[in-house]
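One structure is given here, and the rest of the page talks about it.
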């Protein structure tokens, strides 16, 4: 099985194109190890949303959706566009996101 190809990007690199839809790209300034941690948190939080929906636990779903949002903002895929922020603000955004998500894992335990 071949790994998935990198998605098409717009010429300015700000968006990826998937099924003819544009989605904001991850901030390219994020170091790969940090981006990998954020993607791990994002996928774990998405699994937690699905698990909470299966059990109709609205409170757990809300917490999981909050973690999804935190990860997406930290990756630069939501919130102020990364290309409109100075480098230091971008760094603070992803560092804060990782701290918040790591803390959430410590308080609640890792998500499934």
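Which of the residues that make up the range 28-44 are free of Cβ contacts under 8 Å to residues at least 24 places away in the same chain and in a helix (DSSP H, G or I)?
32, 33, 36, 40, 43 - these are the residues of the range 28-44 that are free of Cβ contacts under 8 Å to residues at least 24 places away in the same chain and in a helix (DSSP H, G or I).
With (1) in contact with a helix residue (DSSP H, G or I) (Cβ under 7 Å, 6 or more places away or on another chain); (2) surrounded by 13 or more Cβ atoms within 10 Å (Cβ to Cβ); (3) at pLDDT below 95 as the list, and residue 45 as the residue in question, which single condition is left unmet?
Result: residue 45 fails condition (3) only.
Applying the selection to the range 45-95, what residues are in a loop (DSSP other than H, G, I, E, B) and in contact (Cβ under 8 Å) with a residue 60 or more places away in the chain? Before you say what the answer is, go through the steps one by one.
Taking the range 45-95 as the starting set, the residues that turn out to be in a loop (DSSP other than H, G, I, E, B) are 55-57, 76-81, 85-86.
Passing the criteria: only 81.
Out of the range 33-79, which residues are under 22 Å from residue 17 (Cβ atoms) and over 11 Å from the mean Cα position of the chain (by Cα)?
Within the range 33-79, 79 is the sole residue that qualifies.
The values are calculated or read from the model by the stated rules, or taken from the named source; none is laboratory data. Note that the structure is a prediction, hence the values are computed from the model and not measured. Positions of Cβ are backbone-derived with ideal geometry, glycine not excepted, and every protein chain shown enters the neighbour counts.
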